[in-house]
Amino acid sequence: MKRVAIPISNNKLSEFFGECEQYEIYDIDSGITGKQSANIPEGINIKELPDWIEKQGITDVIAYKVNPGIIRLFASKKVNLYVGIQPDSPQKLIDEYLQGKLESDERVINELMNSVL
């Protein structure tokens, strides 16, 4: 089973990971088997989010822009991170995920990684 998290602001994918109102979390096992909303615990530092996500049993995160250091933290936790996904409704994004059509945008990844050099 997979657990997919989508950071949400104004009812769509948040532009910046970690600066969202809540996460929509989907349980997936040959289809959606459950859905819940979760707020980031108060006082948590953005660098602690990968640990929090791992403790929630989340296997995949759908995001638009992510701090490059956070990308590395997710990799160390073995959490799949989809980066550069254009903001849209959580339902549309999870449908694309289920259909295998969701892919990270290399242009956005390169832009993020080059911004720290």
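Here are some conditions: (1) part of a loop (DSSP other than H, G, I, E, B); (2) free of Cβ contacts under 8 Å to residues at least 24 places away in the same chain; (3) surrounded by fewer than 15 Cβ atoms within 10 Å (Cβ to Cβ). Lys92 meets all but one. Which one does it not meet?
For Lys92, the exception is condition (1).
Any residue in the stretch 12-35 that's free of Cβ contacts under 8 Å to residues at least 12 places away in the same chain: show its pairings with residues that are part of a strand (DSSP E or B) and of a type in the set (Asp, Glu) at Cβ separation under 7 Å, as long as the two are six or more apart or on different chains.
Taking only residues 6 or more apart or on different chains, the pairs are Gly34/Asp27; Lys35/Glu24.
Those residues that are loosely packed, with under 15 Cβ neighbours inside 10 Å and in contact with a strand residue (DSSP E or B) (Cβ under 9 Å, 6 or more places away or on another chain), I need them from the stretch 33-51; list them, please.
Hits for the stretch 33-51 are Thr33, Gly34, Lys35, Gln36, Ser37, Ala38, Asn39.
Taking the stretch 95-105 as the region of interest, how many residues are within 18 Å of Phe16 (Cα to Cα) and either polar (S, T, N, Q) or exposed (fewer than 10 other Cβ atoms within 10 Å of the Cβ) (or both)?
The total comes to 1.
In the stretch 64-117, which residue that is at pLDDT below 90 and among the hydroxyl-bearing types (Ser, Thr, Tyr) is farthest from Glu54 (Cα to Cα)?
Within the stretch 64-117, the match that is farthest from Glu54 (Cα to Cα) is Ser115.
Looking at Val61, Val108, which is the one that is β-branched (Val, Ile, Thr), surrounded by 17 or more Cβ atoms within 10 Å (Cβ to Cβ) and not in a helix (DSSP H, G or I)?
So the residue among Val61, Val108 that is β-branched (Val, Ile, Thr), surrounded by 17 or more Cβ atoms within 10 Å (Cβ to Cβ) and not in a helix (DSSP H, G or I) is Val61.
Looking at the stretch 69-76, can you tell me whether even one residue there is touching a Gly at 6+ places or on another chain (Cβ under 8 Å), β-branched (Val, Ile, Thr) and not in a loop (DSSP other than H, G, I, E, B)?
Yes: one or more hits.
Which condition does Ile25 not pass, out of (1) under 19 Å from Gly100 (Cα atoms); (2) touching a helix residue (DSSP H, G or I) at 6+ places or on another chain (Cβ under 9 Å), if it passes all the others?
So Ile25 meets the others, but not (2).
The values are calculated or read from the model by the stated rules, or taken from the named source; none is laboratory data. Quantities reported herein were computed from a predicted structural model and do not represent experimental measurements. Cβ sites come from the backbone with ideal geometry, for glycine too, and all protein chains shown count toward neighbours.
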